[in-house]
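The values are calculated or read from the model by the stated rules, or taken from the named source; none is laboratory data. Since we're looking at a predicted model, the values are computed, not measured. Because the Cβ atoms are built from the backbone with ideal geometry, glycine has one as well, and the counts that use them run over all protein chains shown. When the accessible area is computed, the model is the full protein with side chains, heavy atoms only, and any ligands, DNA or RNA have been set aside. Shrake-Rupley method; radii C 1.70, N 1.55, O 1.52, S 1.80 Å.
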Amino acid sequence: MAAAARFTVVGGGLAGLMTTIKLAEAGHQVDVLSLVPVKRSHSVCAQGGINGAVNTKGEGDHPDIHVKDTLRGGDFLAEQTSVKGMCYAAPGIIYLLDRMGVTFNRTPEGLLDFRRFGGTLHNRTAFAGATTGQQLLYALDEQVRRYEAEGKVTKYEYWEWLGTVKDDAGRVIGSVAMDLRTMEIRTFPAEAVCLATGGPGIVFGRSTNSIINTGTAAGRAFMEGAIYANGEFIQVHPTSIPGEDKLRLMSESVRGEGGRVWVPRKKGDVRSPRDIPESERWYFLEEKYPKYKNLVPRDVATREIFMVCRDLGMGIGGRDGVYLDVTHIPAKTLDAKIKGVMEIYEKFVGDDPRHTPMVIFPGMHYSMGGLYVTFESDAKTNMPVDGSPKNQSTNIPGLYAAGEADYAFHGGNRLGANSLLSCIYSGMIGGPAMANFAKSQSTSAAAMPEKFFQSAKAYWADRFATIKKMAGPENPYQLARELGDVMTENCTVVRYNDRLKKTVEKIRELKDRWNRVNVLDTGEVANRALSYTNQVWNMLELGEVIATSALLRDESRGAHYKPEFSLPEPKSKDPTQDPEWMALWRKRHEKWAKTTMARYASEGPQISYEPIATPVLDPEPRWYA
Amino acid sequence: MDTAQASAVSNQSITFRIWRQDDPAKPGHFDEFKVPYRKGANVISCLMEIQRNPVTSDGKKVAPVVWDAACLEEVCGSCAMNINGRVRMACSALIDKLEQPITLTPMTKFPVVRDLAVDRDRMFEALKRVKGWVPVDGTYNLGPGPRQSQKDQSVMYVLSTCITCGSCLEACPQVSQDNEFIGAAAISQARLFNMNPTGKLNSEERVRALMGPGGIQDCGKAQNCVKVCPKEIPLTTSIAVMNREVTKLAIKDIFFKEDEQKGSSGPA
């Protein structure tokens with residue numbers, strides 16, 4: 001490999017940009033492919049903050065406690081080496097972002113301020129108002145623009161990654177991509193390719209995700225042989241505003257700053273919330289979880305809200321919705337700390353949440369699962385070895401994954417404000433891993449025979465020529481909506497095997513109907529329907545992985561909840577004091593504390609399970625009450 | 001799903017007149033669409049409805065409308081367009097608050113890509129021109145940055161919420177597709193980085209970038225930018241602050257030769 005090699009990073013969110021910065025900083029050339037100008041990537045939607053045990057609040061916080069909260073929060077399904085590396089790197093990452101100019105909130109002394117988030121008892125979350133993701137993305141975007149001005153980074157915005165170019169040995173030596181404006185298809189030779197393409201929210205139709213988050217790249221990588229891991233672990237955020245076009249997130253920071261969740265004690269109470277006296281309000285999270293109160297982990301809060309509405313019929317007006325109340329907090333404080341979300345509620349619902357309690361309901365938010373990646377563990381520290389080419393590597397040589405697109409950091413449930421962190425950390429170790437992978441190869445991708453690139457390009461040119469001629473009765477946007485409806489109905493908060501079976505059948509039906517699709521648009525410029533029709537197939541593949549993985553995991557863990565296979569309530573308040581229950585828990589844990597591995601086959605995803613190494617923390621029952 | 005913020009479907013429909021242009025080189029026209037009314041609908045949710053059934057009011061099957069959108073909560077900056085003649089974000093344009101027929105046209109200060117989608121590259125190029133970044137030494141851990149007061153943070157935070165949507169350029173009478181005027185967004189970003197304790201060290205570079213053709217002196221003080229900014233950024237204040245810096249630097253240039261300026265930390 002030459003001293004300065006060329007790499008491709010797909011996706012311009014936090015993970016992609018951090019990977020890019022690390023490669024450019026080491027002197028390499030980076031091509032960044034992104035569906036939209038990178039400054040518009042989905043990372044902008046993250047609101048609440050970024051975690052790091054900086055311990056400036058006199059609470060005795062420590063990265064080890066952050067590790068424990070994260071692994072426990074994920075119900076011991078996360079990859080432990082990477083979690084430890086991430087939590088130890090977190091304070092340094094926050095300082096780096098501070099130096100890059102992120103407008104973090106400050107204490108009166110001028111230091112970084114930290115607030116509380118779910119699943120921890122420490123003030124560990126640095127924040128910039130309630131638009132932290134936006135500020136973090138902009139900081140990285142600015143650094144990448146600086147490298148762009150220096151000629152080290154070339155951005156290909158409005159370009160869609162279609163698939164890999166591989167050599168005969170199966171090593172990835174580049175990508176094929178399409179210009180979404182001119183519709184030109186071309187190849188991008190690269191010593192290594194990183195997919196930092198975000199999550200699959202749009203597979204669920206409406207979610208808190210941006211509409212570009214179709215998961216298409218991960219779906220395609222899966223079809224090309226990449227293992228997709230823990231697909232069934234989908235985070236449904238407890239507090240979102242249902243909307244026609246999307247579910248708008250109401251940040252966990254609303255509760256971190258003191259927001260309270262409640263419903264009227266009287267079923268079907270039609271009074272205005274402000275007329276309902278304190279004694280007639282049921283603060284069900286505070287009652288059931290006196291220690292964590294409204295800041296239990298997201299999967300727990302979501303299930304409680306869902307059951308209050310669906311099982312008990314106690315939702316507001318008998319419908320899906322509970323109050324998220326900040327009216328007891330001074331408006332000035334709200335504006336200083338969470339103005340961004342206050343404005344979203346005001347703009348899209350019309351009520352001022354400073355004076356009227358918000359009405360919220362859980363909404364699909366995040367995928368803990370994703371492309372399977374590996375890490376090389378340092379035997380002494382149990383953290384990823386610096387610069388190891390194994391870090392963030394998928395099972396396909398030369399193909400890396402980072403950010404929400406990888407499966408590693410969050411296990412069965414992600415803690416709030418850990419996603420911005422995992423995006424940046426995975427980029428920080430993924431960039432050097434790619435560079436060292438390139439060094440270890442005897443032949444540079446750039447020197448590979450042209451035939452590999454030509455045949456990959458020809459495949460995609462043919463495929464799009466075929467799709468462009470499709471003139472059947474089915475509308476691709478309608479197929480995607482039907483997929484979203486069935487996934488949301490059966491594959492979110494509560495899961496039953498009979499319904500999951502029907503979901504898989506429905507996806508097969510949609511795949512069949514896809515063959516009779518109408519491409520709707522035969523235009524030569526910015527033909528979005530053409531690109532979308534191809535994406536819908538990849539979404540169906542990913543939907544099938546998620547539903548099949550959920551069907552086969554017969555237990556409840558983290559965000560994956562199957563009432564038919566849940567353990568009974570323990571007899572003691574502390575479950576470890578109930579030996580019978582502990583025996584049941586151990587049995588279940590031995591069987592299911594494993595990573596779900598999905599491999600592509602044309603007849604449907606093939607699922608197997610891989611044991612999880614636990615060098616950092618021994619699993620224990622996850623209990624928050 | 002039956003939610004407490006119910007979405008009732010009624011027999012009412014909403015009428016849209018939407019600008020169609022297949023290609024920047026080809027002439028455009030309007031198509032009219034009728035979309036079923038849903039409570040809480042916004043311009044984007046209606047455009048999505050048209051994607052699922054791309055048929056005009058007079059029954060003609062057409063290609064789905066092309067427009068830019070991503071986050072749908074006014075933070076990505078994608079979906080700025082002219083709605084009933086006024087530039088704004090389509091995601092937060094609630095149908096209940098708009099007069100019908102609802103007319104959608106692309107922004108005029110940027111080249112059209114197709115239909116409502118435009119090319120805003122000039123905005124990102126402007127950010128390069130003003131060197132809109134803090135030049136950090138490297139991404140290794142060097143400990144925390146300089147301390148900042150809560151007051152400074154609150155000013156910088158607002159400036160840093162600019163979503164590069166282009167509304168301020170669209171509304172500005174000085175900006176046109178044939179000129180180079182840098183526009184309010186980038187001027188305000190220059191102010192942001194000159195306020196940052198580290199960014200300040202390079203403040204002169206950014207002030208110089210605002211001098212010369214297409215620079216801050218092209219501002220005609222119409223003050224339209226601040227009125228249309230969806231994030232309510234005090235753009236005219238930013239322009240005034242940077243204008244003063246440019247004037248100070250210009251005066252300094254007259255009275256001091258370059259070598260005499262060495263050692264000064266830029267305009268103070």
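Could you go through segment A:318-333 and let me know if any residue there is within 29 Å of residue A:89 (Cα to Cα) and within 26 Å of the chain's Cα centre (by Cα). Outline the logic, then answer.
Within segment A:318-333, the first condition is being within 29 Å of residue A:89 (Cα to Cα), and the residues that meet it are none.
Scanning segment A:318-333 turns up no residue that is within 29 Å of residue A:89 (Cα to Cα) and within 26 Å of the chain's Cα centre (by Cα).
For residues in segment A:80-132 being facing another protein chain (nearest Cβ under 7 Å) and among the hydroxyl-bearing types (Ser, Thr, Tyr), which is surrounded by the fewest Cβ atoms within 10 Å (Cβ to Cβ)?
A:95
Looking only at residues that are hydroxyl-bearing (Ser, Thr, Tyr) and free of Cβ contacts under 8 Å to residues at least 60 places away in the same chain in segment B:138-165, which one is most open to solvent (accessible area, probe 1.4 Å)?
So, considering only residues that are hydroxyl-bearing (Ser, Thr, Tyr) and free of Cβ contacts under 8 Å to residues at least 60 places away in the same chain, the one most open to solvent (accessible area, probe 1.4 Å) is B:140.
Buried (at least 20 other Cβ atoms within 10 Å of the Cβ), farther than 30 Å from residue A:407 by Cβ and out of contact with any Ser or Thr (no Cβ under 7 Å at 6 or more places or on another chain), is that true of residue A:323?
yes
Report the residue count in segment A:352-406 for those that are among the charged types (D, E, K, R), outside any loop (DSSP other than H, G, I, E, B) and either open to solvent by 10 Å² or more (accessible area, probe 1.4 Å) or in contact with a His (Cβ under 6 Å, 6 or more places away or on another chain) (or both).
Total satisfying the criteria: 1.
Is there a residue being modelled with pLDDT under 95 and more than 19 Å from residue A:141 (Cα to Cα) anywhere in segment B:222-243?
Looking through segment B:222-243, none of the residues is modelled with pLDDT under 95 and more than 19 Å from residue A:141 (Cα to Cα).
Only residues that are open to solvent by 10 Å² or more (accessible area, probe 1.4 Å) and part of a loop (DSSP other than H, G, I, E, B): list them for segment B:166-177, please.
Scanning segment B:166-177 gives B:172, B:173, B:174, B:176, B:177.
Looking at B:230, B:197, which is the one that is in contact with a strand residue (DSSP E or B) (Cβ under 7 Å, 6 or more places away or on another chain) and either assigned to a helix (DSSP H, G or I) or under 30 Å from residue A:112 (Cα atoms) (or both)?
Result of the check over B:230, B:197: B:230.
How many residues does segment A:472-498 hold that are more than 13 Å from every other protein chain (Cβ to nearest Cβ) and outside any helix (DSSP H, G or I)?
Final tally of qualifying residues: 5.
Out of everything in segment A:303-320 that is in contact with a helix residue (DSSP H, G or I) (Cβ under 7 Å, 6 or more places away or on another chain) and in a loop (DSSP other than H, G, I, E, B), what residue ends up being nearest to residue A:236 (Cα to Cα)?
A:315
Could you give every pair whose Cβ atoms fall below 8 Å, whose first residue belongs to segment A:145-164 and is free of Cβ contacts under 8 Å to residues at least 40 places away in the same chain, and whose second residue is assigned to a strand (DSSP E or B) and open to solvent by 40 Å² or more (accessible area, probe 1.4 Å), counting only separations of at least 6 or pairs across chains?
Close Cβ pairs satisfying both conditions: A:148/A:154.
If residue B:135 meets every condition in (1) away from chain A (no Cβ under 11 Å); (2) open to solvent by 10 Å² or more (accessible area, probe 1.4 Å) apart from one, which number is that one?
For residue B:135, the exception is condition (1).
Among the residues of segment A:133-153, how many are more than 8 Å from every other protein chain (Cβ to nearest Cβ) and over 21 Å from the mean Cα position of the chain (by Cα)?
Counting residues in segment A:133-153 that are more than 8 Å from every other protein chain (Cβ to nearest Cβ) and over 21 Å from the mean Cα position of the chain (by Cα) gives 6.
Would it be correct to say that residue B:32 is facing chain A (nearest Cβ under 9 Å), touching a Phe, Trp or Tyr at 6+ places or on another chain (Cβ under 9 Å) and at pLDDT 95 or above?
Spelling it out, it is not the case that residue B:32 is facing chain A (nearest Cβ under 9 Å), touching a Phe, Trp or Tyr at 6+ places or on another chain (Cβ under 9 Å) and at pLDDT 95 or above.
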